[in-house]
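Data block below; observations after.
The values are calculated or read from the model by the stated rules, or taken from the named source; none is laboratory data. Everything quoted here is computed from the prediction, not taken from an experiment. Cβ coordinates were reconstructed from backbone atoms using ideal geometry, including for glycine residues, and neighbour counts include every protein chain displayed. SASA here: full protein model, heavy atoms, side chains in, ligands and nucleic acids out. Shrake-Rupley method; radii C 1.70, N 1.55, O 1.52, S 1.80 Å.
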Amino acid sequence: MTRRRVEVVPYNPEWKTLFENEKQLLESIFKPAEVEIHHIGSTSVPGLSAKPIIDIMLAADSLVQVEKATPAIEAAGYEAKGENGIPGRRYFQKHDENGIRKVHLHSFEKGSHQLYRHLVFRNYLRSHPHDASKYSEVKEKAALKYEFDIDSYIAEKSPIVKEIEQKAMQWRPVK
């Protein structure tokens, strides 16, 4: 089995364009009134270093909509992964022509705590550049330290993720 390299790179302004292209593709599959499509994750925060994989959050009125659209999502190049470890999620991955993962699509029902958690985390980092910079530094060091060990990379950055998530939830608590 080939081990994938943990790659964290400086922010790339093209990530926004890549997201917009995927958003248009997804909007062609769903009725716009039924879904919200958000750019999340580190690639959505200007200036933040990230693994070069676009994370997209699709908020649907119902997961049944996502399940019914799965054949069309797969026809658009995505691979369905089911819940993939998070109850109430429908998860998809998209790879480029070389088999390199390029997009993660996370689908939740509108009102989901997971949806809120991801959006408030992103918005907090966008509004707090000092914390975004600290997070960037931790991710860069972890990627160098655990170049071929994604689990250790995730464990290494977990404390700062929890710290920032806690700050984000205090900053914009759930109503």
### Query
Say we join alpha carbon atoms closer than 10 Å with springs in a Gaussian network model of the chain; which of Arg89, Arg122, Arg101 then has the biggest fluctuation?
Arg101
### Query
Under a GNM of the chain (C-alpha, springs under 10 Å), which listed residue has the highest mean-square fluctuation: Glu36, Glu79, Glu97?
Glu97
### Query
Taking the Cα centre of the stretch 1-63 as the origin and placing charges on Cβ (Lys, Arg +1; Asp, Glu -1), which of Val8, Phe19, Leu48 is farthest toward the positive end of the dipole?
Val8
### Query
Within the stretch 110-143, whose backbone N sits under 11 Å from a point 7 Å along Cα→Cβ of Lys167?
124-136
### Cα-based shape type of the stretch 91-158, given that a ≥ b ≥ c are square roots of the gyration tensor eigenvalues and the cut on a/c is 1.5
oblate
### Query
Charges only on Cβ, +1 for Lys and Arg, -1 for Asp and Glu: so what's the dipole of the chain about the Cα centre, in debye to the nearest 20?
420 debye
### Task
Would you work out if the stretch 42-137 is rounded, prolate or oblate? Take a ≥ b ≥ c from the square roots of the eigenvalues of the alpha-carbon gyration tensor; rounded if a/c is under 1.5, else prolate when a/b is larger than b/c, oblate otherwise.
oblate
### Query
Rounded if a/c is under 1.5, else prolate if a/b beats b/c, else oblate: with a ≥ b ≥ c from the C-alpha gyration tensor eigenvalues square-rooted, which is the stretch 1-84?
oblate
### Query
Which one of Lys141, Lys81, Lys68 has the biggest mean-square fluctuation once the chain is modelled by GNM with Cα springs under 10 Å?
Lys68
### Task
Determine the percent antiparallel among the DSSP beta bridges restricted to the stretch 49-175, to the nearest 5.
55 percent
### Accessible area of the stretch 7-162 belonging to carbon and sulfur atoms, whole % at 1.4 Å probe
52 percent
### Query
Residue-wise, which Karplus ³J(HN,Hα) couplings in Hz belong to the stretch 100-114, taking 6.51 cos²θ - 1.76 cosθ + 1.60, θ = phi - 60°, and x for glycine or proline?
8, 5, 10, 9, 10, 10, 9, 10, 9, 6, 4, x, 5, 4, 4
### Task
Could you pull out every residue, at least 5 positions away or on a different chain, whose amide H is within less than 5 Å of the one on Val103? Hs are placed 1.01 Å off N in the peptide plane, and Pro or chain starts have none.
Ile54, Lys94
